[in-house]
Amino acid sequence: MKNTKQFHRDRRSALVAAMRDHTGGGVAIVPTAPEVTRNRDTLFPFRSDSYFHYLSGFPEPEAVVVVIAEGDAERHLLFCRARDEERETWDGFRYGPDAAREIFGFDETYPYAELDAKLRELAVDRPALYTPLGLFEPWDRRIVQLLNDVRAQVRTGVSAPDDLVDVRGILDAMRLVKDAHEIELMRRAGAISGAAHRRAMARTRPGWYEYQVEAELVHEFLRAGAQAVAYPSIVASGPNACVLHYRDNDREMSAGELLLIDAGCEFQGYASDITRTFPVSGKFTGPQQDIYELVLAAQDACLDVIKPGVDFHDYHKVADRVLAQGYLDLGLVKGTLDEVLEKDTFRRFSLHRAGHWLGMDVHDAGLYQVKGVPQKLVPGMVLTVEPGTYIRPADDVPEAWWNIGVRIEDDVLVTATGHENLTAATPKTVADIEAACTR
Ligand code: GLY
Ligand code: MN
Ligand code: MN
């Protein structure tokens with residue numbers, strides 16, 4: 001396989017090609033995320049901006065990628081912090097421009113302190129300037145200042161870029177189809193998160209608090225080399241399983257309840273996103289198993305349709321049909337299947353769509369339809385498949401179903417011949433889950 005820096009370089013070259021297509025060339029300027037204060041002199045853990053990371057793999061704050069399409073040639077530049085013995089003694093290692101050029105595969109590198117002055121040279125006489133617009137407010141202002149500074153030089157015979165383009169449109173379309181390096185990282189992320197779910201199944205006990213299970217998940221993520229959670233873990237027991245974005249994770253769990261866990265790690269910038277639902281005491285009750293088997297049947301049916309050439313929306317329709325028929329069979333809704341689907345009455349128990357793109361961001365970049373036409377799946381896309389059923393107490397619902405919330409979520413790569421479930425090793429059938437819940 002190519003080395004990591006070649007993958008990043010190839011992505012920058014693909015950006016150059018897209019800039020040529022759109023505007024006959026230009027300059028792209030892509031900053032990483034700003035550092036954010038948590039309180040006083042403590043910062044939130046730094047995470048690179050996803051677009052910047054995609055183009056560079058460079059992990060430090062205060063860094064900017066510049067890519068220039070110049071005639072038939074292209075230039076790849078990185079601005080990053082200079083080496084600084086004192087700062088490195090306090091805060092840790094910095095690559096510095098010289099090492100960064102070699103290790104990350106750039107043509108030219110410069111100290112971050114020279115960014116504004118250098119951009120005033122690099123941005124002149126370009127047909128277009130591509131940058132993320134509206135992502136970081138201070139960056140927007142910096143770009144406007146840059147354009148004004150370039151315009152102020154017109155009497156020297158230079159001109160400012162004619163077009164200002166939000167580069168995210170191009171990068172979103174590129175990010176939608178993962179390359180081999182990204183797929184490898186997503187496989188690793190999925191494997192680590194699957195192990196964390198197995199650990200949660202094995203250790204959860206009646207009398208534990210939800211946060212104790214959250215700790216088991218984080219333990220496994222970090223132990224296995226993941227850097228962070230990809231999103232705050234949802235550890236939702238009993239009635240909390242019916243709160244879709246439950247966050248408190250502070251309830252004591254009892255025997256007889258279900259525990260819904262939606263948790264995934266981020267591995268080298270890539271997210272995983274897994275949901276499993278299992279009994280706190282290790283054995284499903286009859287009504288819990290009925291709903292579980294229905295959601296599992298919906299998930300299986302969704303997986304069956306995922307292959308190249310189908311519309312993104314197709315598997316959502318499959319989930320709706322299987323769930324709606326199941327609610328009819330269980331007496332949770334009344335009417336015919338067509339009526340229930342037409343009037344959306346089944347949505348009362350199934351409030352969300354059956355999945356989303358997955359990549360560096362948990363709800364990843366990329367359009368779901370383009371100018372009204374649904375995206376067709378192509379090899380390299382990664383999406384989640386996550387049907388669910390959530391039954392809140394209500395007078396018109398038999399009490400046996402109350403507070404049952406089940407979601408089953410896997411991460412799926414579209415391949416040339418169909419799909420690969422990246423998280424298939426996470427227990428999912430009733431038998432496998434009960435076996436994993438060693439009490
Ligand atoms: N964990 C967020 C989601 O499943 O979409
Ligand atoms: Mn999801
Ligand atoms: Mn999820």
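What to note about this one:
- Summed over the stretch 89-121, residues that are in a helix (DSSP H, G or I) and surrounded by 14 or more Cβ atoms within 10 Å (Cβ to Cβ) total 11.
- Among residues of the stretch 224-278, those that are assigned to a helix (DSSP H, G or I) and among the aliphatic types (A, V, I, L, M), counted: 1
- Qualifying residue in the stretch 240-261 (condition: within 12 Å of ligand 3 (Cβ to nearest atom), touching a helix residue (DSSP H, G or I) at 6+ places or on another chain (Cβ under 9 Å) and of a type in the set (Lys, Arg)): no
- Filtering the stretch 239-260 to residues that are on the phi > 0 side of the Ramachandran plot and either crowded, with 23+ Cβ neighbours inside 10 Å or touching a Leu at 6+ places or on another chain (Cβ under 7 Å) (or both) leaves nothing.
- Filter result for residue 340 (modelled with pLDDT of 95 or more, among the β-branched types (Val, Ile, Thr) and within 16 Å of ligand 2 (Cβ to nearest atom)): no
- Taking the criterion of being β-branched (Val, Ile, Thr), under 17 Å from residue 295 (Cβ atoms), within 15 Å of ligand 2 (Cβ to nearest atom) and in a strand (DSSP E or B), the residues of the stretch 381-413 that qualify are 384, 385, 406, 412.
- Near pairs, Cβ below 8 angstrom, 6+ apart or cross-chain, from the stretch 352-380 (without any contact (Cβ under 8 Å) to a residue 40 or more places away in the chain) to any residue that is outside any loop (DSSP other than H, G, I, E, B) and within 14 Å of ligand 1 (Cβ to nearest atom): 353/316; 356/383; 356/384; 363/357
- Residue in the stretch 160-169 that is in a helix (DSSP H, G or I), modelled with pLDDT of 95 or more and under 30 Å from residue 59 (Cα atoms) present: yes
- The condition (being under 18 Å from residue 296 (Cα atoms), β-branched (Val, Ile, Thr) and away from ligand 3 (no atom under 16 Å from the Cβ)) is satisfied by just one residue among 391, 408: 391.
- Annotation: of all residues in the stretch 213-226 being in contact with a strand residue (DSSP E or B) (Cβ under 9 Å, 6 or more places away or on another chain) and more than 17 Å from residue 358 (Cβ to Cβ), the one that is nearest to ligand 3 (Cβ to nearest atom) is 217.
- None of 328, 351, 323, 332 is of a type outside the set (Asp, Glu), more than 16 Å from ligand 3 (Cβ to nearest atom) and surrounded by fewer than 20 Cβ atoms within 10 Å (Cβ to Cβ) except 328.
- Condition check for residue 423: modelled with pLDDT under 95, under 28 Å from residue 188 (Cβ atoms) and either assigned to a loop (DSSP other than H, G, I, E, B) or not charged (D, E, K, R) (or both): no
- Matching entry among 202, 215 (being modelled with pLDDT of 95 or more, closer than 14 Å to residue 276 by Cβ and in a helix (DSSP H, G or I)): 202
- Within the stretch 145-170, considering residues that are at negative phi and among the small types (Gly, Ala, Ser), the one surrounded by the most Cβ atoms within 10 Å (Cβ to Cβ): 160
- So residue 284, is it outside any loop (DSSP other than H, G, I, E, B) and either away from ligand 2 (no atom under 16 Å from the Cβ) or within 13 Å of residue 408 (Cα to Cα) (or both): no
- Test result for residue 276, within 15 Å of ligand 3 (Cβ to nearest atom), charged (D, E, K, R) and surrounded by fewer than 18 Cβ atoms within 10 Å (Cβ to Cβ): no
- The condition of being surrounded by 15 or more Cβ atoms within 10 Å (Cβ to Cβ) and either farther than 14 Å from residue 62 by Cβ or β-branched (Val, Ile, Thr) (or both) holds for only one of 126, 142, that being 126.
- One residue stands out in the stretch 62-76 among those that are at pLDDT 95 or above and surrounded by fewer than 21 Cβ atoms within 10 Å (Cβ to Cβ): the one that is nearest to the chain's Cα centre (by Cα), namely 62.
- Which numbered condition residue 49 fails, given (1) acidic (Asp, Glu); (2) farther than 21 Å from residue 165 by Cβ; (3) modelled with pLDDT of 95 or more: (2)
- Options 276, 251; residue that is within 13 Å of ligand 2 (Cβ to nearest atom) and more than 16 Å from the chain's Cα centre (by Cα): 276
- Test: residue 298 is surrounded by 15 or more Cβ atoms within 10 Å (Cβ to Cβ), modelled with pLDDT of 95 or more and either more than 16 Å from ligand 3 (Cβ to nearest atom) or part of a helix (DSSP H, G or I) (or both): yes
The values are calculated or read from the model by the stated rules, or taken from the named source; none is laboratory data. What you are looking at is a predicted structure, and each value in this text was computed from that prediction instead of being measured. No Cβ is skipped: glycine too gets one built from the backbone with ideal geometry, and neighbour counts run over all protein chains shown.
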